[in-house]
Amino acid sequence: MINLGWLLCVASPPLKERCYAMKRIMLGKRGEKLACQLLKRAGYVILKRNFRHRIGEIDIIAKDAAEIVIVEVRSTRGLGFCDPLESITFFKIRRLQKLASIWFLTTGNKLNKVRFDVITVVFYEGRPKITHIKNAF
C-alpha cells in the first residue's frame, strides 16, 4: 500500500481535516506511550490506559506506592504559542475528577489517596521533551 496522505491532504478540504485529525491522534498515542514508559521507569504500575466513559477519557491511571495517580498527557509538535499545560481548562479538570470518581466506583478500588498529574510531551525537531508535573491540580 502506498501512503499518499500528503496528496489527499492537498486534494480536498474535508480530507485535509481528516488528515490533520489523524496526525493529532497519532501524536497523542505516541505521547501517551512515552508517558507510560517514563512512569514505569519511575516505578509506577500502570493500571489502565485510555479509560473511556461517555463523558470523556482518562489517559493513564497508575499506582505510585499507596496513591492512585490520574495522568493527563498533553502532546504537541513544536514550540507553538503556549505550553501544553496551559491548554488544560477548568472544565477538563472537573471532567477528570468526575471520571476518576466513576473509575473508582466501577473498579471497587478502596485506595483513598488520589493524585492528578500532567505529563507534557513536546516534539521539537523529532525529539520529545517530556515534563512530569506531580499534583498538577
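Odds and ends about this structure:
- Condition met for Gly43 (farther than 15 Å from Lys134 by Cβ and of a type outside the set (D, E, K, R)): no
- For the stretch 107-137, a residue qualifies if it is surrounded by 12 or more Cβ atoms within 10 Å (Cβ to Cβ) and among the acidic types (Asp, Glu), and exactly one does: Asp117.
- Taking first residues from the stretch 39-62 that are within 13 Å of Arg115 (Cβ to Cβ) and partners that are surrounded by 13 or more Cβ atoms within 10 Å (Cβ to Cβ) and hydroxyl-bearing (Ser, Thr, Tyr), the Cβ contacts under 7 Å between residues at least 6 apart in sequence or on separate chains come to Ala62/Tyr44.
- Leading residue by the ranking (modelled with the lowest pLDDT) among those in the stretch 4-51 that are touching a helix residue (DSSP H, G or I) at 6+ places or on another chain (Cβ under 9 Å) and of a type in the set (Lys, Arg): Lys16
- Residue match in the stretch 91-106 (condition: within 20 Å of Lys40 (Cβ to Cβ) and exposed (fewer than 11 other Cβ atoms within 10 Å of the Cβ)): no
Per-residue answers, yes or no, for (1) loosely packed, with under 14 Cβ neighbours inside 10 Å; (2) within 21 Å of Gly126 (Cβ to Cβ):
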{"site": "Met22", "(1), (2)": "yes, yes"}
{"site": "Met26", "(1), (2)": "yes, yes"}
{"site": "Arg30", "(1), (2)": "no, yes"}
{"site": "Ala35", "(1), (2)": "no, yes"}
{"site": "Lys40", "(1), (2)": "yes, no"}
{"site": "Ile46", "(1), (2)": "no, no"}
{"site": "Arg49", "(1), (2)": "no, no"}
{"site": "Arg52", "(1), (2)": "yes, no"}
{"site": "Val71", "(1), (2)": "no, no"}
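- Some residue of the stretch 75-82 being in contact with a Ser or Thr (Cβ under 8 Å, 6 or more places away or on another chain), among the basic types (Lys, Arg) and touching a residue at least 40 places away in the same chain (Cβ under 8 Å): no
- Unmet requirement for Leu96, which otherwise passes all of (1) farther than 18 Å from Met26 by Cα; (2) out of contact with any strand residue (DSSP E or B) (no Cβ under 8 Å at 6 or more places or on another chain): (2)
- Leu79 being in contact with a Phe, Trp or Tyr (Cβ under 9 Å, 6 or more places away or on another chain), modelled with pLDDT of 95 or more, at negative phi and not polar (S, T, N, Q): no
- Any strands (runs of 3 or more DSSP E) falling wholly within the stretch 31-137 and containing at least 2 residues that are hydroxyl-bearing (Ser, Thr, Tyr) and under 14 Å from the mean Cα position of the chain (by Cα): 67-77
The values are calculated or read from the model by the stated rules, or taken from the named source; none is laboratory data. Just so you know, these numbers come straight off a predicted model, no measurement behind them. Neighbour counts are summed over all protein chains in view; Cβ atoms, including those assigned to glycine, are modelled from backbone coordinates with ideal geometry.
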